[in-house]
There are 2 protein chains.
Amino acid sequence: MDASIIGPISFDATATAPMYLQIAEHIAAKIRGRLLPAGTKLPPERQLAALFGVSRTTAINAYRQLEELGLVRTKVGSGTYVNEAPAEAGPQPVPWHQTMVPHLPSPLAGILRDLVSVDIAGDTISLGTGLPDPALYPTAAFTSLFERHFARLNNADLGHIPTEGYLPLRTLLAAGHSRSGIPATAANIAVVSGSMQGLYLLAKIFINPGDYVIVEAPTYLGALPIFRTSGARVLTLPAPGPLQLDLLEDYLVRYRPKLLYIMPTFQNPSGRVLPLAERRALLALAARHRLIIIEDDPYGDLHYDQQPPPPLKALDPYGGVVYLRTFSKALFPGLRVGWVVAPEPVIDRLAMEKQYIDLHSANLSQWLLSKFLGEGLLSGHVERLRAEYKKRRDIAAAALQRHCSSLSFAPPSGGFYFWCRLARSSSAGTRLLLHEAARQGVAFVPGEAFYPDSGGEQEFRLCFATNSEPVLQEGIKRLGKALSHLDKIAHADSRPLIHASQPII
Amino acid sequence: MDASIIGPISFDATATAPMYLQIAEHIAAKIRGRLLPAGTKLPPERQLAALFGVSRTTAINAYRQLEELGLVRTKVGSGTYVNEAPAEAGPQPVPWHQTMVPHLPSPLAGILRDLVSVDIAGDTISLGTGLPDPALYPTAAFTSLFERHFARLNNADLGHIPTEGYLPLRTLLAAGHSRSGIPATAANIAVVSGSMQGLYLLAKIFINPGDYVIVEAPTYLGALPIFRTSGARVLTLPAPGPLQLDLLEDYLVRYRPKLLYIMPTFQNPSGRVLPLAERRALLALAARHRLIIIEDDPYGDLHYDQQPPPPLKALDPYGGVVYLRTFSKALFPGLRVGWVVAPEPVIDRLAMEKQYIDLHSANLSQWLLSKFLGEGLLSGHVERLRAEYKKRRDIAAAALQRHCSSLSFAPPSGGFYFWCRLARSSSAGTRLLLHEAARQGVAFVPGEAFYPDSGGEQEFRLCFATNSEPVLQEGIKRLGKALSHLDKIAHADSRPLIHASQPII
């Protein structure tokens, strides 16, 4: 054969791979690419050595390497031949990440990555997640409901039910709302798999890419990726303090926003309650500008001082409020049951979209809830929760006062959270505090997670509901340690690193 | 005051509303529009009568009407005045439909509208929906599981669980797959709220608008709106008959499609089973062209003759198959539990999207299933289903032969469906047959619902699983009546409506 089929023969003698491997790889590429078809006789070793300007040993080693790769075979006394069916390398794995739609990284992802990069002790106390205390779940009541009712469960109740939800549950929910000032029938109720799904569906049916949406800042962190991925342009309304109606009106006139997403009662994370007069003023403005309001009300029942004003939905003069609730806080999150109260056209359209997402929410949860509500067990349970969480709120306030005097906060009159602010702004901020806190064995959610753009660097959210009193106290004590450690660091940082007299090279 | 503020004064005497109401409405509009501000004195009745060319009584009645609307008040001896704060008419209701994102109407919607427009007798037998028979749900086994385990339920199991699903369930599912030739760990499993949600999420992570997707035609009707709304361009591969690999390769070369959605075993609706050789050939072609395959396998366990070949996922040489399953057919749909078996990068990304949709599927279903599988109850249950559904398949085949001899069909060796074709093509088609069938008290799904574009006019799907044997037989008997009635109509239609000798005006 013509030795030139092997060439070109320029090799990089300074490369790190031994020459015999470079030669073997050069030939292997030609075999794999079928430029040297099966059966081709390769040049004798001596000729190969001359071709590449290498020693005969190098040439021999190159052919040995090719043999090991299964690409050639040597017939004694005859020469080296390209193999009939060159043993293929294992199949190229699918580059899955490249096959998928690009994923928008959320700012939260960075914060969480920060958090997990910290060594967290095994006994870390989480004051971060917004979860009820599992010890307070009404498990005993649910067990009893199962025992008494499950055997008489109608098999049809285990099949497909309407996308809007299990009718007995919707009827009970509607009756409850009607009693408390929100006139509704089952046709105004859609059961969703958690209020997050309700928000996802509402974003899907209301938002065209480019539409403006107003949210509070800070706001529920789960709402932000939903609006972001829906293509909405997000405007912000400061959450703590009095409602800035003039700013809202400016937005309404300037941008004609599609909707306002608001949590008027025990706002997550700030704990703010909108007073009745501000509710009415907001609704009047909304009615004038025909603004749709999504009112999220996960904590309304969990009040520890006076009862909060009625929901916007109950005061709504023109019918533009869509109301969102959940059982995740008052019962338990694993139920995955929330619901939307809205005019029928909205419920109908929401059901149309929900069809594709899960056809309907799981029956067992809905069936169980219908028994729980049907037996009137909710109000007693909520009363017990109020008593217990009120104690924890007070204990947390006292502990914060005692151990974390450098924080400013206002004890909330309901809900799950203290919204804390570093008293003297430091360059450290709450992300750095979180690192130190994790080292001390306590976690919270840094403020930035609740802002759609910038903000919250000096704030953080602390949940007082999840843990028992002693654990809660211990957690806040650890937080205190983290704060004083951070103060020391900040103090150390303020010393110049290099003395002015030192030469800078 | 100047009476001309009331004008212009042209009224339509032929209008149906009484003249006094027309005048009142004319003035009311000016008051509401603030052209007649509060406090304005309106012309005396006599002058108003002259202004509009009506009797004084009509003028008096017009003012009375305005008084009733609360827009004016009459001061005796002084005149009629526009009210200070005109009582506003009820607020304009929100035009909800105009506020929402336009909804793509599906071709199925038209078919369903057709269906509901027909008078359906109360005792209509549905052979339409693809549902298991509720009488065969393992309710007793589930009740026993609840009784034995619920009291010992860990409260943490009722809180939030990983988005990918309840770990004990995922571990059991992975072990089951590994035993049957699909090596998997819990990290390869994502629990979804029904396989429909699995498909929705896969479309969300893989499809950019404009991407090509290949589906079978006919195919699962729930898949079509998901691909349509994802913005995919849909290519079709004929489902019954041998796999058209040459057509598939043409698509692969011509369009570089993103994925193939296929149901190789007991295809819904055609019942087709892809033979082993065709599975291997499909996989070789897919590997060569790096095609992602979504294999939907809801019916694989429900075989009534020989066992079908292994799933594509078990034969996959290059790792490009994503596998989708559900408990809706073998257990019950109300569980809302399906699952995806896929490489970890796909599971991770799918979980990221599922977070926004429902955080995770409901715990009770997953917990219950983990007990059911853990006690090894599934295989015995599936065996009982096979025996029962096999009988129904045979009974349906015999009844179709007897009552519907004008249909052509092949009894399926598994799954839930007969795919029937009108033996002699008629202009009537299966949509018209459905109307006649509904009148006779039986329903099915017309073929068009399963095609992404045109096709299926002479075909329909009939489910033999949902109903007990006598009901199934009666349903098919009614279908026979509908068919012979349709034959008569078709015969009548074929007579010319107008005799040639008759003059056409």
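The values are calculated or read from the model by the stated rules, or taken from the named source; none is laboratory data. The structure presented is a predicted model; accordingly, all values stated were derived computationally and were not measured. Heads up, the Cβs are rebuilt from the backbone with ideal geometry, glycines too, and the neighbour counts pull from every protein chain shown. Areas reflect the complete protein model, heavy atoms only, side chains present, ligands, DNA and RNA absent. Shrake-Rupley method; radii C 1.70, N 1.55, O 1.52, S 1.80 Å.
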*Give me a count of the residues in region A:155-181 that are within 7 Å of chain B (Cβ to nearest Cβ) and either free of Cβ contacts under 8 Å to residues at least 24 places away in the same chain or among the small types (Gly, Ala, Ser) (or both).*
3
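Give, as residue ranges, the strands (runs of 3 or more DSSP E) completely inside region B:287-345 that count at least 1 residues that are within 9 Å of chain A (Cβ to nearest Cβ) and either touching a strand residue (DSSP E or B) at 6+ places or on another chain (Cβ under 9 Å) or open to solvent by less than 10 Å² (accessible area, probe 1.4 Å) (or both).
Numbers: elements: B:292-296, B:321-326, B:338-341.
Output list reads B:292-296.
Yes/no per residue for (1) open to solvent by 40 Å² or more (accessible area, probe 1.4 Å); (2) modelled with pLDDT under 90; (3) not acidic (Asp, Glu):
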| position | (1), (2), (3) |
| --- | --- |
| B:MET100 | no, yes, yes |
| B:TYR137 | no, no, yes |
| B:ARG148 | yes, yes, yes |
| B:ASP157 | no, yes, no |
| B:THR163 | no, no, yes |
| B:LEU169 | no, no, yes |
*Being facing chain A (nearest Cβ under 7 Å) and hydrophobic (A, V, I, L, M, F, W, C) is the filter; apply it to region B:357-367 and report the residue that is surrounded by the fewest Cβ atoms within 10 Å (Cβ to Cβ).*
B:LEU359
*Those residues that are under 17 Å from the mean Cα position of the chain (by Cα) and not aromatic (Phe, Trp, Tyr), I need them from region B:437-461; list them, please.*
B:ALA443, B:VAL445, B:PRO446, B:GLY447, B:GLU448, B:ALA449, B:PRO452, B:ASP453, B:ARG461
_Enumeration of residues in region A:172-212 that are closer than 29 Å to A:LEU252 by Cβ and small (Gly, Ala, Ser)_ = A:GLY181, A:ALA184, A:ALA190, A:SER195, A:GLY198, A:ALA203, A:GLY210
_Output for region A:371-401, where each listed residue is part of a helix (DSSP H, G or I), in contact (Cβ under 8 Å) with a residue 24 or more places away in the chain and surrounded by fewer than 19 Cβ atoms within 10 Å (Cβ to Cβ)_ = A:GLY374, A:HIS381, A:VAL382, A:ARG384, A:ARG386, A:GLU388, A:LYS390, A:LYS391, A:ILE395
*Out of region A:57-86, which residues are open to solvent by 70 Å² or more (accessible area, probe 1.4 Å) and hydroxyl-bearing (Ser, Thr, Tyr)?*
A:THR57
*Spot the failing condition for A:ILE205; the list is (1) in contact with a strand residue (DSSP E or B) (Cβ under 7 Å, 6 or more places away or on another chain); (2) under 26 Å from A:THR163 (Cα atoms); (3) of a type in the set (Val, Ile, Thr), and only one is missed.*
(1)
*asked:* Suppose the filter is surrounded by fewer than 19 Cβ atoms within 10 Å (Cβ to Cβ) and under 30 Å from B:PRO333 (Cβ atoms); does A:ALA141 pass it?
replied: yes
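Please determine whether any residue of region A:402-413 is in contact with a His (Cβ under 9 Å, 6 or more places away or on another chain), at pLDDT 95 or above and surrounded by fewer than 24 Cβ atoms within 10 Å (Cβ to Cβ).
Yes, the conditions are met somewhere in region A:402-413.
Table: residues versus (1) within 13 Å of chain B (Cβ to nearest Cβ); (2) touching a strand residue (DSSP E or B) at 6+ places or on another chain (Cβ under 8 Å); (3) within 29 Å of B:LEU224 (Cβ to Cβ).
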| position | (1), (2), (3) |
| --- | --- |
| A:GLN355 | yes, no, yes |
| A:LEU369 | yes, no, no |
| A:GLU375 | no, no, no |
| A:GLY380 | no, no, no |
| A:ALA387 | no, no, no |
*Taking the stated definitions as given, is A:ALA277 surrounded by 19 or more Cβ atoms within 10 Å (Cβ to Cβ) and either assigned to a helix (DSSP H, G or I) or at negative phi (or both)?*
no
*Please name all residue pairs, on different chains or six or more residues apart, with Cβ atoms under 6 Å, provided the first residue is in region A:139-154 and is under 15 Å from A:GLU375 (Cα atoms) and more than 7 Å from every other protein chain (Cβ to nearest Cβ) and the second residue is assigned to a loop (DSSP other than H, G, I, E, B) and of a type outside the set (D, E, K, R).*
A:ALA141/A:LEU377
*Hey, among A:ARG279, A:ARG228, A:ARG233, which residue is basic (Lys, Arg), more than 26 Å from A:LEU378 (Cα to Cα) and more than 23 Å from the chain's Cα centre (by Cα)?*
A:ARG279
*region B:420-450: number of residues that are assigned to a strand (DSSP E or B) and out of contact with any strand residue (DSSP E or B) (no Cβ under 6 Å at 6 or more places or on another chain)*: 1
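Could you please give the count of residues in region A:451-478 that are of a type in the set (Phe, Trp, Tyr) and either open to solvent by 10 Å² or more (accessible area, probe 1.4 Å) or in a helix (DSSP H, G or I) (or both)? Give the derivation first.
Here is the first cut: in region A:451-478, the ones of a type in the set (Phe, Trp, Tyr) are A:451, A:460, A:464.
Applying the additional criterion that residues be either open to solvent by 10 Å² or more (accessible area, probe 1.4 Å) or in a helix (DSSP H, G or I) (or both) yields A:451.
Counting residues in region A:451-478 that are of a type in the set (Phe, Trp, Tyr) and either open to solvent by 10 Å² or more (accessible area, probe 1.4 Å) or in a helix (DSSP H, G or I) (or both) gives 1.
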*Based on what the data block shows, is A:GLY271 touching a strand residue (DSSP E or B) at 6+ places or on another chain (Cβ under 9 Å), buried (at least 23 other Cβ atoms within 10 Å of the Cβ), assigned to a loop (DSSP other than H, G, I, E, B) and modelled with pLDDT of 95 or more?*
yes
*Checking A:LEU115 against (1) in a helix (DSSP H, G or I); (2) surrounded by fewer than 17 Cβ atoms within 10 Å (Cβ to Cβ); (3) at pLDDT below 65, the condition it does not meet*: (2)
